[in-house]
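Inspection log for the structure reproduced underneath, given as structure tokens.
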Amino acid sequence: MSLPLADRTITELGELLRDRALSSRELTDACLARMARDAERLNTFLAVDADATRAAADEADAVIHRGDAGGRPLLGIPYALKDIFVTRALDDEGNDLPGGLPTTAGSRILEGYRSPYPSSAQQRLADAGAILLGKTNCDEFAMGSSNENSAYGPVRNPWDETTVPGGSSGGSSAAVAAGQACFALGTDTGGSIRQPASLTGTVGMKPTYGRVSRWGMIAFASSLDQCGPFARSVHDVALVLGALAGHDSRDSTSVDTPVPDYAAGLTGDVRGLRLGVPREYFVAGMEPGVEAAVRDGIETLRRLGAEIVDVSLPSTDRGLATYYIIAPAEASANLARFDGVRYGLSAGADELWENYTHTRGAGFGAEVKRRIMLGTYALSAGYYDAFYVKAQQVRTLIKAEFDEVLSTVDAILAPTSPTVAFKLGAKVDDPLAMYLNDACTLPVNIAGLPGISVPCGLSGGLPVGLQVIGRAWDEATVLRVADAYERAAGFTRLRPPTAHD
Amino acid sequence: MATISRDDVEHVARLARLHLTDAEIDRMQSQLSNILEAIETLQQVDTSHVGPTASVIQLENVMREDAVRPGLTRDAALANAPRRDDPFLRVPTVLREGR
């Protein structure tokens, strides 16, 4: 085999598994070996139970040996789960199994927490036969763009260990880039899947809001949060999305709408599609190497037969301000549950008030405190209309502009991140500079649309991502465009220099 | 409007039930002022004829049969409690005589 096992796609590995040229146990051991080798250097995983993982792989091998693998593309494929998804391992009768891993959300306030139930994402992937390798490091409560806000230390980018892997799903992106996991799940509230995918040369997708259940995903901003996959090809992302998507009665914002066969829709053909390029996304502050790679990507799609159209989304530059009112406001409400009474850290004070304030003061990190303060301020008496209602009105405008443009084009092409991976520590003291990393991704969350980041080249030796944004519920077209581009460009095959044994 | 005072920071921290050290209050005052200055640019947008969007999807009440289903057991619900006094959660004193 030319490529190390852990660097191959799910599609290739699935064939080897079904042909019994490879066992899930061998593949899982290869991932566990990579994880152990890189644990100190990359800091991607927060919780691992290798014995339980190997047992699950053996079970998948038994299913394959019985000839029951039909139609289950993720059977026996090892994956990593962002530590924002609660995990518990249960058998069919609801009894505990070994391997129910702790869940921290990257925070001290949840250190040692063990969920009494599994997240829908964990459950659906278990039902699909995928093998959970462990929980990945992330920015605390998914708040950040560099993974430096984790209480358990930063993750390093396998492309260059002096740089960040992006955030908040930085452990998941780095794990896939480094060949530790065949795919991983992240969450995306303002870009937390697409931006780290861009910075690590992986494919990452945020589905339409309501497409994938949020049950068991620790809430940051409930009207923006969405779960999605990282993988090493668009086809792999399509397979994982297929396993995750669909209505879940336990999530009241999960929408009951048909789920197409995403992988079957990847025709490689974009002829006749109209693709819009919004001029406002090529902003001041964008690195020239990033702009060049993204423009090359757009040209590639033109050569493939797509019609490229100049479009305008004039409220794009209002996205950042809108997001930094709505997201912190929702976060301040969601994080009120961490009170030191029912679970997590408790300051052990004698009086209730003090126990609340000191538990939260000791348990939350600097960025989470900043967002709680900002959100509480925006919701407080006297400021509610000026900040919160105003932001919701601008949200209406941003969404209406997307709807209008997407009524004339089939999808939108844009950069994912204005920069390549930046140095660890470069932006930690300047919250506003950090927030600008998500300028090209957060409008998509504000409008609730699906978006994907696919590798489109290197700038200064570091990966650049091309973003494809689609109509609500039309992940199929987003995936089709990204897949056609990927086949023509081939950048997804580039591996970080440190990944090789 | 963009600059917020130390008192403002302390007031908001009380609303958020968040203890901040003096150094944190100082830092928060300057950082929040900078962020609010950037956010206030929204005031320039004309929204006089625009309604607010709280969610991008139309939410409707969903009814299901009123049937008993298994839920969390009491033990499972209490398993992560920092302080418990079975079958209850234990909390510090809420009310005190004379207060």
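The values are calculated or read from the model by the stated rules, or taken from the named source; none is laboratory data. Owing to the predicted nature of the structure, the values given are computational and were not obtained by experimental measurement. Please note: Cβ atoms are built from the backbone with ideal geometry, for glycine as well, and neighbour counts cover all protein chains shown. What goes into the accessible areas is simple: the full protein's heavy atoms, side chains included, and nothing from ligands, DNA or RNA. Shrake-Rupley method; radii C 1.70, N 1.55, O 1.52, S 1.80 Å.
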remark   = For the pair A and B, the solvent-accessible area buried on both sides (1.4 Å probe; DNA, RNA and ligands excluded), in Å² to the nearest hundred, is 5000 Å²
Nearby lysines by direct alpha-carbon distance to A:LYS399 (threshold 18 angstrom, same-chain neighbours under 8 apart not counted) = A:LYS206, A:LYS390
Overall form of region A:194-263 per C-alpha gyration tensor (a/c, 1.5; a/b vs b/c) = oblate
message = Ignoring everything except DSSP H segments at least 4 long, calculate the 222 nm mean residue ellipticity for chain A; use -39,500 (n - 2.57) per segment, divide by total residues, nearest 500.
response = -11000 deg cm²/dmol
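Can you give the convex hull volume per residue for the Cα atoms of region A:159-211, as a whole number of Å³?
Measuring per residue, one finds 67 Å³ for the Cα hull of region A:159-211.
What is region B:1-93 by shape, rounded, prolate or oblate, if you read a ≥ b ≥ c off the alpha carbon gyration tensor as root eigenvalues and call it rounded for a/c under 1.5, prolate for a/b larger than b/c, and oblate otherwise?
Because a/c hits 1.5 or more and a/b fails to exceed b/c, region B:1-93 counts as oblate.
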ask   = Cα to Cα, under 16 Å, and not fewer than 8 places away if on the same chain: which aspartates and glutamates meet these conditions relative to A:LYS369?
value = A:ASP139, A:GLU140, A:GLU148, A:GLU330, A:ASP339, A:ASP429, A:ASP430, B:ASP8, B:GLU10, B:ASP22, B:GLU24, B:ASP26
ask   = What is the protein assembly as shown by shape, rounded, prolate or oblate, if you read a ≥ b ≥ c off the alpha carbon gyration tensor as root eigenvalues and call it rounded for a/c under 1.5, prolate for a/b larger than b/c, and oblate otherwise?
value = oblate
inquiry  = Using only the alpha-carbon atoms, what does region A:51-177 span along each of its principal axes? Please give whole angstrom values in decreasing order.
reply    = 47, 33, 22
note = Rounded to the nearest 5, the percent of DSSP beta bridges in the protein assembly as shown running antiparallel is 65 percent
message = Could you compute how much accessible surface A:GLU351 exposes when probed at 1.4 Å, giving the result in Å² to the nearest 10?
response = 60 Å²
ask   = Taking Cα pairs under 8 Å and at least six residues apart, what relative contact order does region A:359-500 come out at, in percent?
value = 21 percent
ask   = Which distance in nm do the two modelled labels at A:ALA386 and A:ALA433 give, with both placed 7 Å along the Cα-to-Cβ direction?
value = 2.9 nm
remark   = Probe 1.4 Å, heavy atoms of protein chains only: per residue, the accessible area of the protein assembly as shown in Å² is 39 Å²
key: region A:423-501, dipole about Cα centre (Lys/Arg Cβ +1, Asp/Glu Cβ -1), debye to the nearest 20   = 200 debye
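Regarding region A:334-470, what's the average projected area of the Cα-atom convex hull, expressed in nm²? The partial results should precede the final answer.
On the way: hull surface 47.1 nm².
So the mean shadow area of the Cα hull is 11.8 nm².
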message = Over chain A, what is the relative contact order in percent, taking alpha-carbon pairs closer than 8 angstrom and at least six residues apart?
response = 18 percent
query = In nm, to one decimal, how far is the modelled label at B:ARG64 from the one at A:GLU111, with both set 7 Å along Cα→Cβ?
reply = 3.7 nm
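Just to check, using Stokes-Einstein with a Kirkwood Rh over alpha carbon pairs, what's the diffusion coefficient of region A:186-230 at 25 °C and 0.890 mPa s in µm²/s? Intermediate values should be presented prior to the final figure.
On the way: Rh = 10.5 Å.
Roughly 233 µm²/s, to the nearest whole number.
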key: Whole-Å distance, taken between Cα centres, linking region A:256-321 and region A:427-501   = 10 Å
task = Return the carbon/sulfur percentage of the accessible area of region A:260-416, one whole number, probe 1.4 Å, all protein chains in place.
result = 51 percent
